[in-house]
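**Q** The structure is given below, and queries will be raised subsequently.
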Amino acid sequence: NRHKDSMYNIEQLIVKETEKTEMEWNRIDNERRKIYAQEEKILLRSVKDRDTQSSLDIGRIETNTWEEIVWGEKEWRSRALGWLNIAVRKVEEKAEEDRRNEKKNEERKHRQKRFKE
């Protein structure tokens, strides 16, 4: 009987140690899963933050590019308007000069005609 009791006690000790070891491994496994879940959460957040930052950067670049285009177009229009104003003024001056010359020519012709008479 004593042998039987000793064997039973040893078997119970083995069962307890096995259960204890399994519980420890389960605890370690659960900790690892928690750590993995936390790391995954951090990585996903990092990816999301980078995506958000990229979107913001793209928007800023588009805005800056658009502003440069608009500014360049305004500057070009301003210069073109200046050139147009100069051209209009020169055409008007030339037209005025042509009128004066025509008037002088008419007066000269009129004088010559009176002088001949």
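**Q** Starting from the Cα of residue 113, step 7 Å along the direction of its Cβ; do the same at residue 92; then give the gap between the two resulting points in nm.
**A** For residue 113 paired with residue 92, the spin-label model returns 3.3 nm.
**Q** A further question on this structure: Could you pull the accessible area for residue 110 with a 1.4 Å probe, rounded to 10 Å²?
**A** Its heavy atoms expose roughly 110 Å² to the probe.
**Q** Now a separate question. Once the Cβ-Cβ distance between residue 38 and residue 63 is put in as r, and R0 is 35 Å, what FRET efficiency do you end up with, to the nearest 0.05?
**A** In this case the efficiency is close to 0.40.
**Q** Considering only protein heavy atoms and a 1.4 Å probe, what is the carbon-and-sulfur percentage of the accessible area of the chain?
**A** Roughly 55 percent, rounded to a whole number.
**Q** With a probe of 1.4 Å, find how much accessible area the chain has per residue, and write the answer as a whole number in Å².
**A** 102
**Q** Same structure, new question: Alpha carbon centre of the stretch 24-61 versus the stretch 1-16: separation in Å?
**A** The distance from the Cα centre of the stretch 24-61 to that of the stretch 1-16 comes to 50 Å.
**Q** Mind listing the phi-derived Karplus ³J(HN,Hα) values for the stretch 38-44, rounded to whole Hz, using 6.51, -1.76 and 1.60 with θ = phi - 60°, and x for any glycine or proline?
**A** Per-residue couplings from phi come out as 5, 4, 5, 4, 5, 5, 5 Hz.
**Q** Out of these labelled values of mean projected area of the Cα convex hull in nm², [x] 11.3; [y] 7.6; [z] 8.7, which was calculated from the coordinates shown here?
**A** Recomputing mean projected area of the Cα convex hull in nm² here picks out [z].
The values are calculated or read from the model by the stated rules, or taken from the named source; none is laboratory data. These numbers come from a predicted model, not from an experiment. Neighbour counts are summed over all protein chains in view; Cβ atoms, including those assigned to glycine, are modelled from backbone coordinates with ideal geometry. Note: accessible area is taken over every heavy atom of the protein model, side chains too, but ligands, DNA and RNA are not part of it. Shrake-Rupley method; radii C 1.70, N 1.55, O 1.52, S 1.80 Å.
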